[in-house]
Structure formats: structure tokens, C-alpha cells
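For reference, the structure discussed in these notes is given below.
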Amino acid sequence: MPDYTKLIDKETWAFIDETASYYPPDTYQMSLADQRAIYDRMCRAFFQGYPDSVTARDSTLAGVPVRTYSGADAQAQIVYFHGGGFVVGGLESHDDVCAELCEGTGCTVTAVDYRLAPEHKHPAMFDDAIAATRAVLAATEGPVLLCGDSAGGNLAAAAAHGLRGENRITGQVLIYPGLGGDINAGSYLEHAEAPLLTRDEILYYGDIRSDGPAPEANATYAPLHDNDFSGLPPTMVITAECDPLSDDGRDYRDAILAAGGKAVWINETGLVHGYLRARTTVKRARQSFDRIIAALNALKIGDWPYA
């Protein structure tokens, strides 16, 4: 078991403690209504507002609810998928994150309010991700980037796999994504009791996402289960060191590189799952968010600074 008192600095511990004050570790064992209410309150407690230059409007794309943040470069687009284990979260939970991505990149950001489990089982959320991304691609001739955190990182990658060869995706940035790694090996065991996300929580979210056993060898459910990683867009995967999901980033990078593609993996020292909410209070999280912005800015112009 890692010694988190040494791996995690005081700033990050303060963030962990504040998060736990809103979102207790046993929240995933509560009713769905309570889980969602607690998660929404926690996200709102960390809400930073919008930069002055950013406005947003709600609408639908291909029948999927979205929130569009207007950037300086109307032709460059980011499609963003929020985290929350496919069970919690929505347009409000990552509202300020999307607004800051818009300001930092100049891109128009489309946040996708995909359907949640268990009311809507897989592949409902994947279908929404594909439909919304296709609609964005059809509406612009400019660069389109995919981005998401946690469960949303899964959906961004699944959309990239699902649209391969059909449409152009300029790049993808995946933030501590769950991509379907081996839950009985590596970081899933080493960091099984990590602060803010445990292996038991991951198992819970997986159990209620699908009807019956999880699909096997199905990239729409777990992108790491694909048998072909060629033809994917340039990919940055950024993970937290103290997170059961961290090895997924390494394994996804390796799979893309082995297929001749471009990919980089950054495992952020001493950070924990959900650290996007700490970007204004924790130096390490701020630096990571800056790396995310820089990657999106490079990918939108076709640059690859990671050779």
C-alpha cells in the first residue's frame, strides 16, 4: 500500500479533505438520488464562475442536450464529456472547467449531457457521444478535438474509435480516463484504496453501467479492449499518480504507439482522481491544467510537441 502521507502534498490533502466534507467516501453506497444531489453540491462548492470573455447557451444536437461555450475561434471545436462514473454529473458539474477550456484555447466547447446509468444502460451514453460528435463535425470544417475526464475520457476515446475512418478528429485529450484496464493488476491493486476513488467504487460503477456482465472485446464500452489501435487521432492521456486508473493511460498510449500512431502519457505526481476541481488551489493541479490547455492548443493547429 503506498504511503499517501509522503506521495501527496499538503495542498492536495487540503483539497481531498474539502472534497470529503461534501462527498463522503461512502456516497457510492447511497441511493441514486442522494449520490447525484451530493455530487452536484460538491461540484457547485468548487465552482469558479466563468471568465469574462466566455458565454454559454443550452440546446440540443442530434437529440442530445448540450451546452455550447463560445470561443474566439468559432471554427475550432472541442467536444467535452464530463466525468461521474456514467452515473452522476451533467452540464452543471463541469460548467466552469468547460468555460476555462474555452477561454484557454479560444475553441468553441460543446459539453455533452449524455444519458446516465442505471436508467440508461450501455450503449446509450456511447450512442449520445457519437451522435453529438457527428453533429459537431457536420457543422464545421475546422479542427475538432475530443476531450473528457474519467468516464468522459472513456467516451471521448470510444468516440474516436467509433468514428475512425468516417470523420476527421484532430486530436484527443483524455484526463484520468477509465479505459477498461485489468482491475486485478497494476494500479488497480496498488491504488485500490486511493483517496477520492477506490477500486470498489470502480467496480460499483461498472456493475450498473450494463445489463448483465460487462461486454467483452468491445471498444464502445472499453477502448482498451479494441483489437485495432491504428488510425486514431494524436492522443494525450493525463492521469493522476494516486489513482487506480493510472495504468489505463500508460496502456492506451502503448497500444497507439505500437500501432504506429502518436500518443503521450503524463502521470501527474502526487495527484488524485478528480483533481480538475483543485486547479485554482493546488499548484500541481494548476500545472496539469496548463498542460491540458497547451495540448489542446497544439492539437488544434496540427502540432505535436511530444516527439
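The values are calculated or read from the model by the stated rules, or taken from the named source; none is laboratory data. Bear in mind that the values here come from a model prediction, so they are computed numbers and not experimental data. Virtual Cβ from ideal backbone geometry, glycine too; neighbours counted across all protein chains shown. Ligands, DNA and RNA are excluded from the accessible area calculation, which covers all protein heavy atoms including side chains. Shrake-Rupley method; radii C 1.70, N 1.55, O 1.52, S 1.80 Å.
For the chain, what class follows from the C-alpha gyration tensor (a ≥ b ≥ c being the square roots of its eigenvalues): rounded when a/c is under 1.5, otherwise prolate if a/b is larger than b/c, else oblate?
On the way: a/c = 1.26, a/b = 1.17, b/c = 1.07.
Here the chain falls in the rounded category.
Using a Cα distance threshold of under 29 Å, what count of lysine pairs results for the chain when pairs must be 8 or more residues apart or interchain?
Counting lysine pairs in the chain gives 5.
Which whole-Hz couplings ³J(HN,Hα) result when phi for each residue of segment 84-99 is put into the Karplus expression 6.51 cos²θ - 1.76 cosθ + 1.60, θ = phi - 60°, listed in order with x for Gly and Pro?
Couplings: x, x, 6, 10, 10, x, x, 5, 7, 5, 10, 4, 6, 4, 5, 4 Hz.
Ranked by accessible surface with a 1.4 Å probe, highest first, in what order do Arg291, Arg209 come?
Output order, biggest surface exposure first: Arg291, Arg209.
Using helices alone, I'd like the mean residue ellipticity at 222 nm for the chain: each DSSP H run of four-plus residues gives -39500 (n - 2.57), total over residue count, nearest 500.
Theoretical 222 nm ellipticity from helices: -11500 deg cm²/dmol.
Given springs between every Cα pair under 10 Å in a Gaussian network model of the chain, which of Asn267, Asn227, Asn218 has the largest fluctuation?
Ranking Asn267, Asn227, Asn218 by mean-square fluctuation puts Asn227 first.
At a probe size of 1.4 Å, how large is the accessible area of Phe289, to the nearest 10 Å²?
Accessible surface of Phe289 is approximately 0 Å².
Just to check I understand the Karplus step: with θ = phi - 60° and J = 6.51 cos²θ - 1.76 cosθ + 1.60, what whole-Hz values come out for segment 223-233, glycine and proline as x?
x, 5, 8, 5, 9, 8, 10, 7, x, 8, x
Per the 1.4 Å probe, what fraction of the accessible area of the chain, in percent, lies on carbon and sulfur atoms?
50
Within segment 93-188, which GluC sites (Glu not before Pro) sit in a loop by DSSP and count at most 14 neighbouring Cβ atoms inside 10 Å? Mind showing how you got there, number by number?
Values: sites: Glu100, Glu103, Glu119, Glu141, Glu166; in loops: Glu119, Glu141, Glu166.
Hits after loop and neighbour filter: Glu119, Glu141, Glu166.
What accessible area per residue comes out for the chain, rounded to a whole number of Å², with a 1.4 Å probe?
Value returned for the chain: 39 Å² of accessible area per residue.
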